[in-house]
Amino acid sequence: MTRIIVVTSGKGGVGKTTTSASFASGLAMRGFKTAVIDFDVGLRNLDLIMGCERRVVYDLVNVISGEATLNQALIKDKHCENLFVLPASQTRDKDALTEEGVEKVLKDLEHLGFEYVICDSPAGIERGAVMALTFADEAIIVTNPEVSSVRDSDRILGILQAKSKRAQAGGEPVKEHLLVTRYSPKRVEDGEMLSYKDVQEILRVPIIGVIPESESVLHASNQGTPAIHIEQSEVAEAYKDVIARFLGEDAPLRFVSYEKPGLFKRLFGG
Amino acid sequence: MSLLSLIFGSKPKTANMAKERLQLIIARERVDDGKPSADFLPAMQQELVAVISKYVHVNADDIKVSMEKKGNYEVLEVNIVLPEQN
Ligand SMILES: Nc1ncnc2c1ncn2[C@@H]1O[C@H](COP(=O)(O)OP(=O)(O)OP(=O)(O)O)[C@@H](O)[C@H]1O
Ligand SMILES: [Mg+2]
């Protein structure tokens, strides 16, 4: 059975693509055959973050419209043996995403033996975002500790609970996970930023992780390497913890509290 | 900003405001969606019972609260039946 996981948020620029790339890579590193699909038709980005932009020939829309086969469009990741990327079209618009077309692509991925399919949702609540979540079994709600992002996350939760196939079938609902990203423990400590506990209390979705705000995300995207591969970075460790929790392992939250730099560090720099 | 905070560079603590505003707006928008998430109603009902009981005798069941959408308005209805006096 394939598990389909949508990475969504409502608001733009909160870290969906960063998360999709690292989450898919993390599952593949654990040995699962994984595909990650860019649903951001017209504004594709996942190929850049995965570092496979020069190998894009066909895309999701080509597959849906029958201009290419799924096998032709899937790009093998350069870091992980069992990870494949299905890019979005740069030229078409989101209307090219039909529900039947998306469903067929997902079914075909299942036949190819994929264990996890990660759907990187575009921002907004329109067609692209709805198509990305329609067939989801689980959802990662990416939220920044900031008012507009939290409100938009609540909107997208409402849409998930209304428009997903699981919601409409009335059976087991989509399993929701809250991921708080771009988190700055110092600013939380100073009372300038919502804490992850505040966000969780407001949205009432179980938390799967907290990703700190860090320069290493920019370094990662500059190189076209998912952040989870940046050795010894907090962001990579935090994403690996997310994978562990997703797989049911016990992993306490890390990088969520601020440690005041000691006197030595303040005097001599760290 | 006060002189002291200018000197010591303390920034305003606004996270609490963010939280309070979000709690209100999200409760309201969930009602708008027609989702059955006016889930603050039971807690509010209990608090009302507690407050009103300070002044008059009421039965908990005689205080009813409900939230309804009528056109562009939301109507929060609180219905309190006082026990008959004899
Ligand atoms: N943990 C983080 N620390 C610092 N910067 C981050 C972090 N996560 C994401 N970013 C930065 O935020 C920006 C947006 O990230 P990303 O593209 O993943 O968001 P998105 O939700 O996919 O955006 P869109 O809605 O446009 O698809 C990027 O510049 C990225 O480098
Ligand atoms: Mg994106």
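Of the residues that make up segment A:81-89, is at least one more than 12 Å from ligand 1 (Cβ to nearest atom), touching a residue at least 60 places away in the same chain (Cβ under 8 Å) and open to solvent by 10 Å² or more (accessible area, probe 1.4 Å)?
No.
Mind listing just one residue for me: the one in segment A:156-165 that is farther than 13 Å from residue A:121 by Cβ and open to solvent by 20 Å² or more (accessible area, probe 1.4 Å) and, of those, farthest from the other protein chains (Cβ to nearest Cβ)?
Only one residue tops the list, namely A:165.
For segment A:117-137, give me each residue that is part of a strand (DSSP E or B) and either charged (D, E, K, R) or in contact with a His (Cβ under 7 Å, 6 or more places away or on another chain) (or both). Walk me through it before giving the result.
Of the residues in segment A:117-137, the ones part of a strand (DSSP E or B) are A:117-120.
Within segment A:117-137, A:120 is the sole residue that qualifies.
Among A:185, A:173, A:206, which is under 18 Å from the mean Cα position of the chain (by Cα) and either open to solvent by less than 30 Å² (accessible area, probe 1.4 Å) or more than 16 Å from ligand 2 (Cβ to nearest atom) (or both)? Quick ask: steps written out before the conclusion?
Working: A:185 fails: under 18 Å from the mean Cα position of the chain (by Cα); A:173 fails: under 18 Å from the mean Cα position of the chain (by Cα).
Only one candidate qualifies: A:206.
Pick from A:11, A:33, A:16: which is over 9 Å from the mean Cα position of the chain (by Cα) and within 15 Å of residue A:141 (Cβ to Cβ)?
Checking each option against the conditions leaves just A:11.
Among A:146, A:126, which is open to solvent by 40 Å² or more (accessible area, probe 1.4 Å), on the phi < 0 side of the Ramachandran plot and away from chain B (no Cβ under 14 Å)? Let's see the steps before the verdict.
Details: A:146 fails: away from chain B (no Cβ under 14 Å).
Result of the check over A:146, A:126: A:126.
Mind counting the residues in segment A:188-233 that are within 14 Å of chain B (Cβ to nearest Cβ) and of a type outside the set (D, E, K, R)?
11
State all residues of segment B:35-67 that are at pLDDT 80 or above and of a type in the set (D, E, K, R); if no residue qualifies, say none.
Within segment B:35-67, B:47, B:54, B:61, B:62, B:64 meet the criteria.
Restricting segment B:1-23 to residues that are open to solvent by 60 Å² or more (accessible area, probe 1.4 Å) and more than 11 Å from every other protein chain (Cβ to nearest Cβ), which is modelled with the lowest pLDDT?
B:1
Just the residues that are within 6 Å of ligand 1 (Cβ to nearest atom), at negative phi and buried (at least 22 other Cβ atoms within 10 Å of the Cβ), please, taken from segment A:10-20.
Answer for segment A:10-20, where residues must be within 6 Å of ligand 1 (Cβ to nearest atom), at negative phi and buried (at least 22 other Cβ atoms within 10 Å of the Cβ): A:14, A:16, A:17, A:18.
I'm trying to understand the selection: among the residues of segment A:43-78, which are crowded, with 19+ Cβ neighbours inside 10 Å and on the phi > 0 side of the Ramachandran plot?
A:51
Within segment A:209-227, restricting attention to residues that are more than 25 Å from residue B:21 (Cβ to Cβ) and within 16 Å of ligand 2 (Cβ to nearest atom), which residue is surrounded by the most Cβ atoms within 10 Å (Cβ to Cβ)?
My answer is A:226.
If residue A:79 meets every condition in (1) within 16 Å of the chain's Cα centre (by Cα); (2) within 20 Å of residue A:220 (Cβ to Cβ) apart from one, which number is that one?
Here residue A:79 clears every test but (1).
Which condition does residue B:72 not pass, out of (1) at pLDDT below 85; (2) within 14 Å of the chain's Cα centre (by Cα), if it passes all the others?
Single failed check for residue B:72: (2).
So which residues in segment A:188-203 are open to solvent by 20 Å² or more (accessible area, probe 1.4 Å) and either more than 20 Å from residue A:260 (Cβ to Cβ) or of a type in the set (Gly, Ala, Ser) (or both), if there are any at all?
Passing the criteria: A:195, A:197, A:198, A:200, A:201.
Looking at segment A:94-110, can you tell me whether even one residue there is of a type outside the set (Gly, Ala, Ser) and under 16 Å from the mean Cα position of the chain (by Cα)? Spell out how you get there, then give the answer.
Let us first name the residues in segment A:94-110 that are of a type outside the set (Gly, Ala, Ser), namely A:94-95, A:97-100, A:102-110.
Applying the additional criterion that residues be under 16 Å from the mean Cα position of the chain (by Cα) yields none.
The answer is no, given that none of the residues of segment A:94-110 is of a type outside the set (Gly, Ala, Ser) and under 16 Å from the mean Cα position of the chain (by Cα).
Just one of (1) surrounded by 15 or more Cβ atoms within 10 Å (Cβ to Cβ); (2) without any contact (Cβ under 8 Å) to a residue 12 or more places away in the chain; (3) over 29 Å from residue B:20 (Cβ atoms) trips up residue A:168, so point out which.
Single failed check for residue A:168: (1).
The values are calculated or read from the model by the stated rules, or taken from the named source; none is laboratory data. Quick caveat: nothing in here was measured; it's all calculated off a predicted structure. Here Cβ is always computed from backbone atoms with ideal geometry, including for glycine, and neighbour counts include all displayed protein chains. In case anyone asks, the SASA skips ligands and DNA or RNA and just uses the protein heavy atoms, side chains included. Shrake-Rupley method; radii C 1.70, N 1.55, O 1.52, S 1.80 Å.
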